[in-house]
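The values are calculated or read from the model by the stated rules, or taken from the named source; none is laboratory data. Please read these numbers as outputs of a predicted model, since none were measured by experiment. Every residue, glycine as well, gets a Cβ built from its backbone with ideal geometry; the counts of neighbours run over all protein chains shown.
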Amino acid sequence: MPTIAIVGAGPQLGLAIARTYGTHGYDVALIARNRAKLEVLVGELAAEGITAAAFPADVLNRPALTQALKDAATHFGAVDVLEYSPVGGLQTVMTTPSATEPADVQHEMEFQLYGAIDATRAVLPAMREAGAGTLLFTTGAGSVDPVPQVANVNAAAAALRNWVINLHKELDGTGVQAAHVAINVSIGTPAIPGFPTAQPEEISPVYWDLHTTKRDQAELVFSL
């Protein structure tokens, strides 16, 4: 069975992506900080007939993240698709451009860009050898069109976006696809009054499309 590894797996978008791939016959490796929360998701997927397993790791702990992906590949036989979308939650301090200090951006770079690079390094060699695979990376749409309230987050997300699009170019012709997904909605519940909101199940199919029918596409912006 092919396998998707979801880094930053949670009960909203991560679970929806797991269901989308699981219903197409994929096993699911779930990676996030909290083992207990991951096991709840594993149980939900199992009840729906989807094989999943938990591999706890913090993306800020790069050796642990690398080991979790290696353990997932060993457990399932390979990682065919990587999806990277960790959420900082209460650890994220948002700053405006003029109030941003280097440390404000550095934390976000560690979380978004550097974690994504290490996750990719853990799975890409095997994908190259197989001549097949997909690498998907998620940010908010501020990576494309930044907003002042979250300048430090947007700066790191834009760096990740740049790196992913460049990776897509490098991998052209290898059979391995890299793509960036920018989400221009609140997920699940409104975060900002008047801002568009979509349910996770409305968003997750785009990850399947990028893996299957849109493999030449380096970026997809999800909007309503």
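In region 168-204, what residues are among the small types (Gly, Ala, Ser) and out of contact with any helix residue (DSSP H, G or I) (no Cβ under 6 Å at 6 or more places or on another chain)? Let's see the steps before the verdict.
In the first step, residues of region 168-204 are kept if they are among the small types (Gly, Ala, Ser); the result is 173, 175, 178-179, 182, 186, 188, 191, 194, 198, 204.
Those that are among the small types (Gly, Ala, Ser) and out of contact with any helix residue (DSSP H, G or I) (no Cβ under 6 Å at 6 or more places or on another chain): Gly173, Gly175, Ser186, Gly188, Ala191, Gly194, Ala198.
Residue pairs whose Cβ atoms lie under 8 Å apart, separated by 6 or more positions or on different chains, with the first residue in region 99-116 and within 14 Å of Ala157 (Cβ to Cβ) and small (Gly, Ala, Ser) and the second in a helix (DSSP H, G or I) and modelled with pLDDT of 95 or more, are Gly115/Arg62; Gly115/Leu65; Ala116/Leu160; Ala116/Trp163; Ala116/Val164. Restricting to region 64-87, name every residue that is in contact with an Asp or Glu (Cβ under 9 Å, 6 or more places away or on another chain) and without any contact (Cβ under 8 Å) to a residue 24 or more places away in the chain. Once the filter is applied, which keeps residues that are in contact with an Asp or Glu (Cβ under 9 Å, 6 or more places away or on another chain) and without any contact (Cβ under 8 Å) to a residue 24 or more places away in the chain, region 64-87 yields only Ala64. Every condition in (1) under 16 Å from Thr139 (Cα atoms); (2) touching a helix residue (DSSP H, G or I) at 6+ places or on another chain (Cβ under 9 Å) holds for Ile165 except the one numbered (2).
Within region 38-50, can one find any residue that is β-branched (Val, Ile, Thr) and within 14 Å of the chain's Cα centre (by Cα)? Outline the logic, then answer.
So the first thing to find is which residues in region 38-50 are β-branched (Val, Ile, Thr), and the list is 40, 42, 50.
So of that shortlist, the ones also within 14 Å of the chain's Cα centre (by Cα) come out as none.
No, region 38-50 contains no residue that is β-branched (Val, Ile, Thr) and within 14 Å of the chain's Cα centre (by Cα).
The single condition from (1) surrounded by fewer than 15 Cβ atoms within 10 Å (Cβ to Cβ); (2) at pLDDT below 95 that Ala198 fails is (1).
Of the residues making up region 44-89, those that are touching a strand residue (DSSP E or B) at 6+ places or on another chain (Cβ under 9 Å) and not charged (D, E, K, R) number 26. Can you work out which of the residues in region 47-62 that are in contact with a Phe, Trp or Tyr (Cβ under 9 Å, 6 or more places away or on another chain) and aliphatic (A, V, I, L, M) is surrounded by the most Cβ atoms within 10 Å (Cβ to Cβ)? For region 47-62, the residue satisfying everything is Val59. Restricting the search to helices (runs of 4 or more DSSP H) fully inside region 11-117 and requiring at least 1 residues that are more than 24 Å from Thr212 (Cβ to Cβ) gives 35-47, 62-76, 102-109.
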